[in-house]
Amino acid sequence: MGESPASRAEEAPRIVLDSNVVLDWLYFRDPRCAAVADAVTERRVRWIASAAMRDEIEHVLERGALGTRWPDGAASVRDGWQRWVSMVEEPRCAPTLAMRCSDPDDQKFIDLALAARAVALLSADRAVLRLARRARAWGLSISTASAWRHAPPT
């Protein structure tokens, strides 16, 4: 008997997407996120997130700062979140690693990726991307969504 899509997703490599990548994919439909979108929707990777990450996305959507160019954008983000994300608990304590982000608002993405042993953290934030070299020592690839397109996990 074959595996269900849900069981495949549970076993798939975990990835963390920062808010910019989520919005680029689900709100703006940025083609640079196509490889990430395909990997998530085909369940080749498991997109994980925490309540704090969901709250950040909701704050951005409710603030109205994204404009009205894409009137269905907020609904698209919420629908995509509901369909594709695997909610996980916040790390109880930050991993005891030398992985501090210069932007405290982005620390939650790093902490979750390390605690959950994600294979990738995709971000557009320079403060996060600067940690890519150090993250490799912990088995975590930090890159932009467009750079990840060339080397998705297998």
Notebook entry, point to check: So what is log10(I(q)/I(0)) for the range 5-148 at q = 0.12, 0.20 1/Å, when the Debye sum runs over its Cα atoms only?
Noted result: -0.45, -1.29
Margin query: Quick query: amide H of R14 versus all other amide H atoms, modeled in the peptide plane; which residues come in under 5 Å with a sequence gap of 5 or more or a different chain?
Written below: R46, V119
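Could you tell me which of rounded, prolate or oblate describes the range 24-68, using a ≥ b ≥ c as the square roots of the eigenvalues of the alpha-carbon gyration tensor, with rounded for a/c under 1.5 and, failing that, prolate when a/b is larger than b/c and oblate otherwise?
Verdict is oblate for the range 24-68.
No value in this document is a laboratory result; all are computed from the given coordinates. Quick caveat, the model's predicted, so the values are computed rather than measured.
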